[in-house]
Every structure is written in C-alpha cells, then in structure tokens.
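The values are calculated or read from the model by the stated rules, or taken from the named source; none is laboratory data. These numbers come from a predicted model, not from an experiment. Cβ coordinates were reconstructed from backbone atoms using ideal geometry, including for glycine residues, and neighbour counts include every protein chain displayed.
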C-alpha cells in the first residue's frame with residue numbers, strides 16, 4: 001500500500017515538474033522585460049502650441065525631441081522648438097530669439113521661467129500677438145511638463161511688467177486660463 | 001542622460017523616423033476644448049498610437065529595432081510594446097491583451113484596453129478612454145465627472161454632478177449672466193435636455209477649457225447667492241443657487257444699478273504715445289490713430305450723451321500706466337475706454353477685440369452679510385480694482401462689439417483678461433482693439449477719411465446701448 005502511494009506521489013510530482021517546465025517554455029507568458037536601454041537615445045513626443053492664422057486661438061502641433069535630462073533642458077527644448085516656428089498651419093508668436101536662461105518648478109506647481117532679453121526686445125505687435133505669445137508659451141509648458149499649474153515669466157533675471165503694453169506679466173499666470 | 005558618440009548616427013536616423021511619423025498628424029485646434037486624442041479602429045478594435053500614448057504618459061521612447069520593441073519610460077515606470085504581440089510588459093507585470101500591438105503606417109498602435117491595466121499611482125498619468133467620443137484623455141486629479149441632475153428644493157436650485165475623485169472646483173466667473181465653474185475632472189456625461197422652469201438656471205452649457213471641464217450658467221435675477229458643497233464620500237459635487245444670502249453662501253459679482261445706467265464722465269485713454277508708437281504698418285501709426293479716434297469719439301459722446309469726456313492725453317506724449325489710472329480715477333470716471341489698434345504676424349487676422357476684467361470679485365458688504373462678522377474678507381490688490389466693475393465692463397464690451405459687428409467692423413472677439421491699461425482703474429472699463437492694422441482691409445478702412453468717424457460713431461452707439469441697459 002505504502003509503495004503504491006509513493007509511486008502515485010512520485011508520478012504526480014513528475015507531472016507537476018513537467019507542467020511547470022512546459023509553461024516556462026511558452027513564448028511570451030514570462031517574457032523578461034526588455035531592459036530600458038539607457039545607452040541609446042530616447043525620444044519624447046511633445047505638443048507645441050502656436051497661434052491660429054486668424055489670431056483667434058491656438059493650434060497644436062506634435063513634434064519629437066531627443067529626451068532632455070533635466071527640467072531646465074526640457075523647458076529650454078520646448079522654447080527652442082517654439083522659436084523654430086510651426087511646420088504646419090500655425091503662426092509663430094513667440095518673439096524671435098527667445099531662449100531660456102533658467103527654470104525652476106516649486107512643489108506647488110509654480111514654474112518660474114527666466115527668458116532671454118530677446119523675449120521683450122523682440123516683440124513687435126498688438127494685443128492679440130501679445131496675448132497669443134503668452135498663451136503659446138504657457139500652454140506649451142503646461143501641456144508637456146506634468147505638475148505645472150502656474151507659470152511666472154521673468155526676463156534677464158528681472159520681473160517684467162508686460163510684453164507689449166497690453167497684458168500684465170507681473171504675476172503668475174494660471175495655466176488653465178488659456179483654452 | 002549621456003550618450004556615446006558612436007551611437008549618434010542610429011539615434012539621428014531614429015529621430016528622423018519618429019519625426020516623420022509625428023509629421024503625419026495634422027495641426028489641431030486647441031481653442032475648442034480640453035486636449036483629447038482620437039483612437040483608430042482596426043478590425044473594430046480601438047487602438048491608440050504609441051506616439052500619443054507616450055506623450056500622454058509623459059514618457060520617453062526607446063525603439064529597439066532588433067527585437068521590434070518600443071520601450072516607454074516615465075519616471076520609475078516602463079512599458080514594453082512588441083510589434084504583432086499581444087503581451088505587454090508593464091513594470092514587473094506581463095499583460096495579455098485580447099489583440100496584439102500592431103504597426104500601422106509606420107506607427108505602433110496599442111489596443112486601448114491596455115489603459116485599464118496601467119499602473120495606478122500618482123507618478124503615472126491616468127488615461128481614460130471615452131467610448132462615446134472615441135477619444136483618450138489624461139484624467140485630471142478629480143477623475144471623471146458624470147451627467148448632472150438639476151432639482152429645485154425649497155426655492156433653491158441645485159445642480160449635482162457625480163464625481164469619482166476629489167478634484168478642485170473653482171468658480172472662474174461670479175457674474176449671474178456668465179457664471180462659470182471649472183472642475184478638475186473630465187466630463188463624461190451629457191447635459192440635461194431641459195431645465196426646471198421654476199429654477200434659477202436659465203441656461204447651462206459646457207465651455208472650452210485646457211484642463212478638466214468647465215460649464216457656464218446663466219442665472220435668473222432671483223438668484224442672490226451660491227455655494228459649492230463637496231461630498232467626496234458620496235461621490236458628488238453640488239452647486240446651489242439660493243434666492244437669499246445666508247451663512248455659507250457666497251454672493252455674485254456686483255452688477256451696478258438696474259435700468260438706465262447713469263453716465264456723467266467718460267474717460268478715453270488713447271493707447272501708446274511719445275516714443276512708444278505702438279503698431280506701425282506703412283503710414284498707419286497706432287499712437288496717432290488712437291489719439292485721432294479719441295478726439296472723434298469725444299465729439300460724438302459730447303454731442304449725443306451730454307457727458308463730460310476726459311482724454312488721458314490730448315497730444316503725442318508718453319504716459320505711464322499709473323498716470324493713465326490716476327487720470328481716470330481723478331475724473332471719477334463712470335466708464336473708461338482704452339483705445340488701441342491691433343497688429344498680428346498673419347494678415348488673415350482682422351477685426352476688433354475687447355479685453356475686460358474677469359468677474360472674480362464679490363463685494364465686501366455682501367460677503368459680510370453672507371458670512372457674518374467673523375467671516376474673513378479677501379483682500380483685493382488695488383491694481384485689480386477694475387475687477388469690482390467686471391459685470392458692467394463685460395456689458396460695455398458686449399454692447400460695443402455688438403454694434404461694431406452690425407456695422408461690418410468685425411469679426412469681433414471678447415477676452416476676459418484684465419488688461420494692463422486698466423490696472424488701478426476704479427471704474428467699469430475695457431481695452432478696445434478697434435481694428436487690425438496688419439490686415440489690409442482693416443488698414444484701408446481706417447485710412448479712409450470716414451474711417452475713424454464711422455468707428456467713433458459705432459463705439460458711441462455701443463456706449464448708448466450700454467447706458468440704456470435694456
């Protein structure tokens with residue numbers, strides 16, 4: 001009797017082992033995660049916002065960037081792409097030559113961006129161009145940087161009252177105010 | 001991240017490929033609504049493009065052509081997608097989808113059922129597939145917002161939204177005519193087809209917003225106060241509109257007197273001046289046009305309304321924002337018109353735009369009556385004092401733009417944003433961009449001898465309509 005129990009147990013053990021081996025061989029089920037290849041370049045899809053040709057609103061444009069490593073690099077890359085202008089349909093409204101000197105995101109979601117002096121010196125236009133230049137910048141930053149709720153723009157390390165004399169820029173701008 | 005120089009060439013090739021893929025997407029209008037991403041149906045199964053998936057997850061992409069895998073990395077999370085394979089690796093889990101990841105026109109397409117199985121934590125964006133609209137959206141912190149119910153209970157009108165999160169609710173405009181509320185949640189429901197006839201809500205509509213969802217309500221004059229009641233445990237948010245002020249209730253923005261509006265003093269502020277010429281296109285110089293128009297408008301208003309008209313400048317001189325505000329306040333203006341002409345990089349932009357302060361202010365007296373003596377009073381910076389008059393300013397803007405549109409001076413736009421020239425102005429006021437000088441048609445019209453006269457007559461008509469307050 002004991003021998004029979006031993007044989008049955010042995011057979012069951014062998015079957016269990018064979019079954020386990022079989023499931024291990026099934027393709028895909030236990031596929032190891034592909035190693036995240038940090039040695040190769042990563043890319044990030046971003047959404048840029050330019051003005052619509054009629055000056056009524058913003059139009060979005062998808063673009064690919066080499067993955068920036070830091071917040072400063074990401075902000076700088078986004079502003080650089082805005083400065084390059086749209087590839088389809090939109091109108092560039094960011095003053096030409098604008099670049100990022102410094103960027104800082106505080107825990108409350110306030111992104112402070114210190115822009116080059118070209119931002120103010122390069123602006124030529126009316127209220128619509130001014131409104132949409134700020135909207136383009138704020139909307140692009142908020143759409144591509146998680147955690148950004150408000151944006152404070154400074155220029156050359158100093159606060160700026162306005163870009164062209166129509167929109168106050170001396171206060172943080174709520175990202176949700178720019179549909 | 002550092003990258004060995006030897007791998008630059010394949011990296012550049014991959015960048016070119018990905019850029020090419022992204023270039024297929026047409027430019028999308030952003031002004032219409034919260035940004036959402038459409039799905040593609042393949043054999044009836046909704047799929048999301050891997051590029052869009054990466055962007056919505058705020059993930060970097062690593063393409064491994066040798067094994068046809070795309071790795072998405074967002075913070076500590078990663079996803080591994082394999083072409084023609086239904087197995088997706090999400091962190092340390094392997095998920096089996098009912099259909100495989102496929103390659104379509106050079107871009108990987110991922111079945112949207114994957115979204116339900118993505119890791120749920122604060123480090124990774126939560127994506128939601130809305131089957132009704134066939135689109136995917138990043139869910140805000142408040143989750144989803146369902147279809148509201150409207151009920152009238154003991155003379156108060158309540159509108160209740162089911163919500164599955166605890167997101168913020170913000171009143172963006174306190175005026176009764178344009179009461180706007182913003183939810184940090186994505187609206188998945190539908191608005192009711194009809195509203196109770198005995199309630200305070202006259203109209204209800206969904207409005208564009210760049211985050212979450214927003215609604216605009218028109219309320220009857222009987223509504224005197226409102227409150228927002230959040231019940232996270234019950235999963236709902238209720239907006240209540242009451243015919244009387246009381247504890248816990250907030251007043252609407254001050255509206256000024258009903259009936260004919262008294263106007264004794266109008267201040268006209270011609271934009272720019274001195275070294276600041278404003279927009280200049282050919283012979284059209286903004287600072288000169290604003291001054292000429294201000295003089296024409298002064299003539300029209302004095303003739304038709306018997307009011308005193310004060311110009312902040314009557315010659316070509318530069319004024320600071322403080323000097324302009326001081327002139328308006330010193331004259332005890334009943335309304336202020338800041339006159340400008342617009343300019344835009346594209347010639348297609350034309351017409352007139354009004355900038356007016358947003359109705360974010362509630363009167364101090366009403367606050368005190370609502371909450372009693374112990375209620376804290378919000379301090380309003382003097383620079384934002386124009387927001388006290390936001391309801392009247394909006395009415396003025398609507399009246400002026402309405403007339404301009406009727407006279408063929410459009411298209412017209414109204415933007416509720418406090419303009420620089422109204423900082424510190426304690427009166428109802430608007431900044432009016434009368435025409436767009438970079439648009440050939442607008443410029444030609446303004447250059448005609450009758451151009452500014454017609455414009456002045458139109459603005460004066462608008463002011464008369466505002467005064468009548470029908």
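Taking (1) closer than 29 Å to residue A:48 by Cβ; (2) buried (at least 18 other Cβ atoms within 10 Å of the Cβ) in turn, residue B:89 satisfies each apart from (1).
The combined condition, being at the interface with another protein chain (Cβ under 10 Å from one of its Cβ atoms), on the phi > 0 side of the Ramachandran plot and surrounded by 18 or more Cβ atoms within 10 Å (Cβ to Cβ), is not fulfilled by residue A:90.
In segment B:251-279, of all residues being in a strand (DSSP E or B) and surrounded by fewer than 17 Cβ atoms within 10 Å (Cβ to Cβ), the one that is nearest to the other protein chains (Cβ to nearest Cβ) corresponds to B:276. All told, residue A:61 meets the bar of being under 19 Å from residue B:210 (Cβ atoms), within 13 Å of chain B (Cβ to nearest Cβ) and either modelled with pLDDT of 90 or more or not in a strand (DSSP E or B) (or both).
Only one of the listed residues (B:158, B:174, B:182) is touching a helix residue (DSSP H, G or I) at 6+ places or on another chain (Cβ under 7 Å) and under 14 Å from residue B:239 (Cα atoms). That residue is B:182.
Counting the residues of segment A:148-179 that are more than 18 Å from residue A:102 (Cβ to Cβ) and within 22 Å of the chain's Cα centre (by Cα) gives 7.
Has segment A:127-141 got at least one residue that is farther than 20 Å from residue B:279 by Cα and free of Cβ contacts under 8 Å to residues at least 60 places away in the same chain? Yes, segment A:127-141 has at least one match. Do we find that residue A:78 is more than 7 Å from chain B (Cβ to nearest Cβ), at pLDDT 95 or above, within 17 Å of residue B:346 (Cβ to Cβ) and not in a loop (DSSP other than H, G, I, E, B) in this structure? No, not satisfied.
Every residue, every condition in (1) without any contact (Cβ under 8 Å) to a residue 40 or more places away in the chain; (2) more than 14 Å from residue B:341 (Cβ to Cβ); (3) within 14 Å of another protein chain (Cβ to nearest Cβ), yes or no:
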{"site": "B:403", "(1), (2), (3)": "no, yes, no"}
{"site": "B:409", "(1), (2), (3)": "no, no, no"}
{"site": "B:417", "(1), (2), (3)": "no, yes, yes"}
{"site": "B:422", "(1), (2), (3)": "no, yes, yes"}
{"site": "B:425", "(1), (2), (3)": "no, yes, yes"}
{"site": "B:428", "(1), (2), (3)": "no, yes, no"}
{"site": "B:436", "(1), (2), (3)": "no, no, yes"}
{"site": "B:439", "(1), (2), (3)": "no, no, yes"}
{"site": "B:442", "(1), (2), (3)": "no, no, yes"}
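Confirm whether residue A:170 is in a loop (DSSP other than H, G, I, E, B) and either over 24 Å from residue B:413 (Cα atoms) or more than 10 Å from chain B (Cβ to nearest Cβ) (or both). Taking the combined requirement at face value, the residue satisfies it.
Every test in (1) under 30 Å from residue B:286 (Cβ atoms); (2) touching a helix residue (DSSP H, G or I) at 6+ places or on another chain (Cβ under 7 Å) is passed by residue A:78 save one, and that test is (1). From the list B:214, B:218, B:190, B:225, exactly one residue is within 14 Å of chain A (Cβ to nearest Cβ) and either more than 30 Å from residue A:143 (Cβ to Cβ) or out of contact with any helix residue (DSSP H, G or I) (no Cβ under 7 Å at 6 or more places or on another chain) (or both). Which is it? Checking each option against the conditions leaves just B:214.
Within segment B:444-457, the set of residues being more than 14 Å from chain A (Cβ to nearest Cβ) and farther than 26 Å from residue B:389 by Cβ comprises B:444, B:445, B:447, B:448, B:449, B:450, B:451, B:452, B:453, B:454. Looking across segment B:322-344, the residues that are within 12 Å of chain A (Cβ to nearest Cβ) and either in a strand (DSSP E or B) or surrounded by fewer than 20 Cβ atoms within 10 Å (Cβ to Cβ) (or both) come down to B:322, B:338, B:339, B:340, B:341, B:342. The residue that is nearest to residue B:287 (Cα to Cα), among those in segment B:421-434 that are surrounded by fewer than 24 Cβ atoms within 10 Å (Cβ to Cβ) and touching a strand residue (DSSP E or B) at 6+ places or on another chain (Cβ under 7 Å), is B:423. Checking residue A:99 against (1) in contact (Cβ under 8 Å) with a residue 24 or more places away in the chain; (2) surrounded by fewer than 19 Cβ atoms within 10 Å (Cβ to Cβ); (3) in contact with a helix residue (DSSP H, G or I) (Cβ under 9 Å, 6 or more places away or on another chain): exactly one of these is not met. Which one? Exception for residue A:99: condition (1).
Here is a yes/no grid of residues against (1) touching a residue at least 24 places away in the same chain (Cβ under 8 Å); (2) in contact with a strand residue (DSSP E or B) (Cβ under 6 Å, 6 or more places away or on another chain); (3) farther than 26 Å from residue B:254 by Cβ; (4) part of a loop (DSSP other than H, G, I, E, B):
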position	(1), (2), (3), (4)
B:128	yes, yes, yes, no
B:136	yes, yes, yes, no
B:147	yes, no, yes, yes
B:161	yes, yes, yes, no
B:166	yes, no, yes, yes
B:189	yes, no, yes, yes
B:197	no, no, yes, yes
B:205	no, yes, no, no
